[in-house]
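The values are calculated or read from the model by the stated rules, or taken from the named source; none is laboratory data. As the structure is a prediction and not an experimental result, all values here were calculated from the model. Cβ placement follows ideal geometry from the backbone for every residue including glycine, while neighbour counts extend to all protein chains displayed.
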Amino acid sequence: MSIITNPILRGFNPDPSIVRVGEDFYIATSTFEWFPGVQIHHSRDLKNWQLIGHPLQRSSQLNMLGNPDSGGIWAPCLSYADGVFYLIYTDVKSHLGPFKDTPNYMVTATDIHGPWSEPIYLNSSGFDPSLFHASDGKKWLLNLMWDHRKGKNPFGGIIMQEYSVEEQRLVGPIHNLFRGTELGLTEGPHLYEHGGYYYLITAEGGTRFGHAATVARSASLLGPYEADPQGPLVTSAGKPELALQRAGHASLVETQNGEWYIAHLCGRPLRPSMQCNLGRETALQRVAWTEDGWLRLADGGNSPYVTVQGPDLPEHPFEEPAAELFGPDGLSLHLASLRQPVSEEWASLTARPGYLRLLGGQSLYSAFHQSLLARRQQSFTVEAQTAVEFEPLHYQQMAGLVYYYNNKNYYYLHITRDEEQGRYLTLMTSDRGIYDEPLEQAISVEGWEQVHLKLQADHERLSFYYSRDGVDWTAIGPVLDAGKISDENAETVIDGYLIDQGFTGAFIGICAQDLSGTRKPADFAYFTYRELEQSEQ
């Protein structure tokens, strides 16, 4: 049998929802403010996973302009019944302070590759929605109910309401199934029917280092639900020595041979900082049913394993994607934009054949129209490279290579111009919204037709380079801290109040800004991403 090495989905791929359809396995993961919405990976063996698409491709399905950092798509649920794929998702419009604005929607498709339907609005009572297909043919929507009231537990319980396929809406009474255990922060529900019981798997303990997945069961669909007396199914809480931290938020799948696995969220921190710049990732654990009907890790305990016995299935490896992120065939599936779909209005492969033209957009602080294309960092040691042709007229026009977490946390090597230095190369940084330009002296690139830019990340060390010919490279600026591009650094608490939080991971991208509004174009000759070694630590 094969050996599965975790995480199976490296880099920012959190909140996995796994489903099997025949011999095919699919996992849907959260994308937050990144467009297109929801990543779907495919496997035939649970070991080799390939990104195959994104269901939410149109603004009519997902309009995130103005969404806050780490808003947008939270914890989608992918399911299948009666020849139809169902995708349930939240488009989070606010998540700081006492309130959360969380409209939930459904799209469907008869083919995993689409086309996916226009969305059906469901409710807004909370986040992390999922759909349960009962054996009697009924369908039920579950989600966390958010309680904003002073003195109340904001995680107000996992609620369930029937969904009418004929009426395309929720019908009947709302049932509060489960208010959680002492771990608290009960969210991320998935409901399953097995062996005469209904099993509710929830995330608890928060998605940081206290995270866990809890199982509760009931002989009746409407409860009451009893939590597993042995505690969480999987957790890394209190075990800092484990390679896989932040374990929780699980979903369950059975192979065609009757083997059981959970897909769950995890993170691999840089050490000793314990910052997870790769974001929250997806791992797989083999599970088994006990004689008295509880679900447990097959290898014992509740700590996540890095290596797991694979299922009794033939291996189906796939060819790794090329390093180039755009070319004659279009944009790589791995490229994402912020809050809006890619369109000829700001990104074009035809305006200048052989180049990707970005028209200058709003600043990196904007939650609206940024001209930025980026891909996830999926290894601790990577190299990304680009070449840009750009003739800025003044200092409000910029283009270059960015290492990005959100609009308050990034490092940006870019070309610009001012009245004293002419066209030059410089570095911009933002750490929790505090802006800086760390170079003591900018680098003149007057007369250069192309400027080649390179980024190298080696765990916590991040370095930028530049070149005139793409062969001879010169380092620019100090060695930077890649760990700052992480959830842990983004989370900001002042006087006991949560001021900012984040749930994504590091992206490497190309971008262009024109703060004067004249949309000055920048032409990128290439953009490549290479992993220098398998990401282990």
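Among the residues making up the range 128-166, those that are under 18 Å from His190 (Cβ atoms) and of a type in the set (Ser, Thr, Tyr) are Ser130, Ser135, Tyr163. Filter the range 238-258 for residues that are in a loop (DSSP other than H, G, I, E, B) and of a type in the set (A, V, I, L, M, F, W, C); which is nearest to Thr207 (Cα to Cα)? Checked the range 238-258; the qualifying residue nearest to Thr207 (Cα to Cα) is Leu244. Of the set (1) out of contact with any Leu (no Cβ under 7 Å at 6 or more places or on another chain); (2) at pLDDT 95 or above, all apply to Ser2 but (2). Exactly one residue out of Leu144, Leu177 is within 13 Å of Leu221 (Cβ to Cβ) and surrounded by 11 or more Cβ atoms within 10 Å (Cβ to Cβ), and it is Leu177.
Inside the range 237-249, residues that are out of contact with any Gly (no Cβ under 8 Å at 6 or more places or on another chain) and closer than 20 Å to Ala75 by Cβ make up a count of 1. Pro314 fulfils the conditions (1) in the same structural domain as Leu46 (by TED's automatic domain parsing); (2) of a type outside the set (Gly, Ala, Ser); (3) surrounded by fewer than 18 Cβ atoms within 10 Å (Cβ to Cβ) except for a single criterion, (1). If the condition is being farther than 19 Å from Asn407 by Cβ, out of contact with any Leu (no Cβ under 6 Å at 6 or more places or on another chain) and surrounded by 14 or more Cβ atoms within 10 Å (Cβ to Cβ), then the range 479-521 contributes only Lys520.
For the range 148-237, the strands (runs of 3 or more DSSP E) that sit wholly inside it and include 1 or more residues that are in the same structural domain as Ser303 (by TED's automatic domain parsing) and out of contact with any Ser or Thr (no Cβ under 9 Å at 6 or more places or on another chain) are 155-164, 169-178, 187-194, 212-218.
Of the residues Tyr86, Tyr105, which single one is modelled with pLDDT of 95 or more, more than 18 Å from the chain's Cα centre (by Cα) and within 22 Å of Glu254 (Cα to Cα)? I'd like the intermediate steps shown before the answer.
Working: Tyr105 fails: within 22 Å of Glu254 (Cα to Cα).
Of the residues listed, the single one that is modelled with pLDDT of 95 or more, more than 18 Å from the chain's Cα centre (by Cα) and within 22 Å of Glu254 (Cα to Cα) is Tyr86.
Of the residues contained in the range 432-439, one or more are found to be closer than 22 Å to Trp34 by Cα and in the same structural domain as Tyr412 (by TED's automatic domain parsing). Within the range 40-80, the residues that satisfy the criterion of being hydrophobic (A, V, I, L, M, F, W, C) and in a strand (DSSP E or B) are Ile40, Leu51, Ile52, Leu56, Ile73, Trp74, Ala75, Cys77, Leu78.
Would you mind listing the strands (runs of 3 or more DSSP E) fully within the range 426-537 where at least 1 residues are among the hydroxyl-bearing types (Ser, Thr, Tyr) and in contact (Cβ under 8 Å) with a residue 60 or more places away in the chain? Before the answer, list the steps.
Values: elements: 434-436, 451-458, 461-467, 474-481, 492-494, 497-500, 507-514, 521-531.
Counting at least 1 such residues, we get 492-494, 521-531.
Please enumerate the residues belonging to the range 312-357 that are among the hydroxyl-bearing types (Ser, Thr, Tyr) and closer than 26 Å to Gly66 by Cβ.
Here is the first cut: in the range 312-357, the ones among the hydroxyl-bearing types (Ser, Thr, Tyr) are 332, 337, 343, 348, 350, 355.
Correct list: Ser337, Ser343, Ser348.
Per-residue answers, yes or no, for (1) among the basic types (Lys, Arg); (2) without any contact (Cβ under 8 Å) to a residue 24 or more places away in the chain; (3) under 16 Å from Thr255 (Cα atoms); (4) crowded, with 18+ Cβ neighbours inside 10 Å:
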site	(1), (2), (3), (4)
Asn13	no, no, no, yes
Val19	no, no, yes, yes
Trp34	no, no, no, yes
Ile40	no, no, no, yes
Gly53	no, no, no, no
Ser60	no, no, no, no
Leu65	no, no, no, no
Ile73	no, no, no, yes
Asp91	no, no, no, yes
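Could we say that Gly496 is out of contact with any Ser or Thr (no Cβ under 8 Å at 6 or more places or on another chain), not assigned by TED's automatic domain parsing to the domain that holds Thr282 and not aromatic (Phe, Trp, Tyr) here?
Against the criterion (out of contact with any Ser or Thr (no Cβ under 8 Å at 6 or more places or on another chain), not assigned by TED's automatic domain parsing to the domain that holds Thr282 and not aromatic (Phe, Trp, Tyr)), Gly496 qualifies.
Looking at the range 85-141, the strands (runs of 3 or more DSSP E) lying wholly inside it that each contain 2 or more residues that are among the aliphatic types (A, V, I, L, M) and in contact with a Leu (Cβ under 8 Å, 6 or more places away or on another chain) sit at 104-109.
When residues in the range 275-314 are screened for being assigned to a loop (DSSP other than H, G, I, E, B), in contact (Cβ under 8 Å) with a residue 12 or more places away in the chain and more than 19 Å from Arg217 (Cβ to Cβ), 16 of them pass. Ala399 passes every criterion in (1) closer than 17 Å to Leu325 by Cβ; (2) surrounded by fewer than 24 Cβ atoms within 10 Å (Cβ to Cβ) apart from (2).
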